[in-house]
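Scroll down for the structure; my scribbles are underneath it.
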Amino acid sequence: VTEKVHGCVLCDGPGGRVVRTAARWRVVHVTEPGFPAYYRVIWHTHLPEFTQLSRDERIECLDVVAAIEQAMLRELQPAKVNLASFGNRVAHLHWHVIGRFAWDSHYPEAVWGAKQREASPDRLADIAQRLSGLEARLLVELQRFT
Ligand SMILES: [Zn+2]
């Protein structure tokens with residue numbers, strides 16, 4: 001049971017390629033040029049703030065974020081995994097989980113920051129190719145959530 005807000009991009013649509021849907025959230029892969037290892041955890045209910053979730057819900061939400069981070073660390077060996085939750089433009093609770101590489105176009109800046117260099121297309125393609133392995137591992141990790 002979710003309350004949808006018309007005109008909210010995350011109520012009106014999935015918000016990316018759906019990797020896994022559970023009762024209270026979904027994990028999607030986000031198509032963002034230059035950042036192939038980009039996932040979001042989107043809470044189904046339209047709520048802006050993390051503390052509007054119950055404590056159990058907050059734990060579940062961050063467990064899902066952590067599962068994505070761990071799958072990334074194991075499968076992609078990024079320089080860093082970035083976690084972020086803003087909701088300034090889309091006030092619908094979602095967490096960004098972004099694998100970052102020392103060679104990516106913005107590292108060490110945030111992906112929303114200033115561009116530092118051109119990323120190698122070959123390296124980007126290599127990461128994109130490894131996402132299926134990451135997602136297979138992630139689905140196993142997320143099996144315990146209904
Ligand atoms: Zn919404």
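Every number here is computed from the coordinates shown, using simple stated rules; none is lab data. Computed from a predicted model, the values in this text were never measured in an experiment. Note: ideal-geometry Cβ built from the backbone for every residue, glycine included; neighbour counts use all protein chains shown.
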| query | Residues in the stretch 71-88 that are touching a helix residue (DSSP H, G or I) at 6+ places or on another chain (Cβ under 7 Å) and either surrounded by 14 or more Cβ atoms within 10 Å (Cβ to Cβ) or not basic (Lys, Arg) (or both): how many? | reply | 8
| said: Would you confirm whether or not the stretch 30-42 contains a residue that is loosely packed, with under 13 Cβ neighbours inside 10 Å and in contact (Cβ under 8 Å) with a residue 12 or more places away in the chain? | reply: yes
| Total residues in the stretch 10-63, condition assigned to a loop (DSSP other than H, G, I, E, B), touching a Phe, Trp or Tyr at 6+ places or on another chain (Cβ under 6 Å) and of a type in the set (A, V, I, L, M, F, W, C) | 2
| request: State which residue is farthest from the ligand (Cβ to nearest atom) when the search covers only the stretch 78-111 and only residues that are of a type in the set (Val, Ile, Thr) and over 12 Å from ARG40 (Cα atoms). | output: VAL81
| Looking at ARG24, is it of a type in the set (Lys, Arg), within 23 Å of LEU134 (Cβ to Cβ), within 16 Å of the ligand (Cβ to nearest atom) and within 11 Å of the chain's Cα centre (by Cα)? | no
| field | Neighbours by Cβ (under 9 Å, 6+ apart or cross-chain): first from the stretch 90-114, in contact (Cβ under 8 Å) with a residue 12 or more places away in the chain; second of a type in the set (Phe, Trp, Tyr) and surrounded by fewer than 14 Cβ atoms within 10 Å (Cβ to Cβ) | value | HIS94/PHE86; HIS96/PHE86; HIS106/TRP112
| message | As an exercise: evaluate THR45 against (1) in contact (Cβ under 8 Å) with a residue 24 or more places away in the chain; (2) touching a strand residue (DSSP E or B) at 6+ places or on another chain (Cβ under 6 Å); (3) of a type in the set (Val, Ile, Thr) and give the number of the one condition it does not meet. | response | (2)
| said: Can you tell me which condition LEU124 does not meet? The list is (1) in contact (Cβ under 8 Å) with a residue 40 or more places away in the chain; (2) closer than 20 Å to ARG20 by Cα; (3) not in a loop (DSSP other than H, G, I, E, B), and all the others hold. | reply: (2)
| remark: Residue count, the stretch 1-21, condition within 16 Å of the ligand (Cβ to nearest atom) and buried (at least 17 other Cβ atoms within 10 Å of the Cβ), comes to 4
